[in-house]
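Every read-out reported here was derived from the displayed coordinates using simple, explicitly stated rules and does not represent laboratory data. On a predicted model such as this, the values are computed, not experimentally measured, just so you know. Ideal geometry is used to build each Cβ from the backbone, glycine not excepted, and the neighbour counts take in all protein chains shown.
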Amino acid sequence: MAERGKDRYDPATAAFLAGVAAARETVSYSDFAAAFDLANQGCGPVLNDIARRLHRHGLPLLPVLVVRKGDKRPSPGAGLYAELGIRTDEEMDAEIQKCHDHDWSDELFMKGKP
């Protein structure tokens, strides 16, 4: 994992989320955290860096698939999602659908590359 203030993007975490998308599922913050030995509060920076990288490449934002257990909704991302153009529940639902519909198999991170 990268140092504080540095890019925390890890192809393995993106590939994990792509697998969740391919299964047309979501994953809880606690299950995501456990899969990568993170504290629940440590998920935000990792997910934000994945979202920023995917956004730069015009890809759906896989971190929207990480949801709260109670309401099965993504956290607002401390404004990150709004910054990236997702401001309403309808836009969030549409982004989740884009993640589920995208063919992730050809993306470099699915081949172990950054």
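For V27, the residues whose amide H sits under 5 Å from its own are V66, V67, ignoring neighbours fewer than 5 places away on the same chain, with H placed 1.01 Å from N.
Close amide H contacts of S75 (hydrogens built in the peptide plane, cut-off under 5 Å, sequence separation of 5 or more or a different chain): R68.
A crude spin-label estimate for the pair S75 and D37, with each label 7 Å from Cα along the Cβ direction, gives 2.2 nm.
Given an 8 Å cut-off on Cα distances and at least 6 residues of separation, report the relative contact order of the chain as a percent. Spell out each step's value before the answer.
Details: 120 pairs, mean separation 39.0, N = 114.
It comes to 34 percent, rounded to a whole number.
Label positions at H55 and A23, each projected 7 Å from the Cα along the C-beta direction, are separated by 2.7 nm. A full extension of the chain between R68 and D93 corresponds to an added length of 7.5 nm, given 0.36 nm per residue minus the alpha carbon distance.
Here the Karplus curve 6.51 cos²θ - 1.76 cosθ + 1.60, taken at θ = phi - 60°, turns the phi angles of segment 46-55 into couplings of 5, 5, 4, 5, 5, 4, 4, 5, 4, 4 Hz, with x standing for Gly and Pro.
Each of E83 and A12 was given a label point 7 Å from its Cα along the Cα-to-Cβ line. The distance between the two points is 2.6 nm. Which of rounded, prolate, oblate describes segment 11-103, given a ≥ b ≥ c as roots of the alpha-carbon gyration tensor eigenvalues and a/c under 1.5 marking rounded, otherwise prolate only if a/b is larger than b/c? Rounded.
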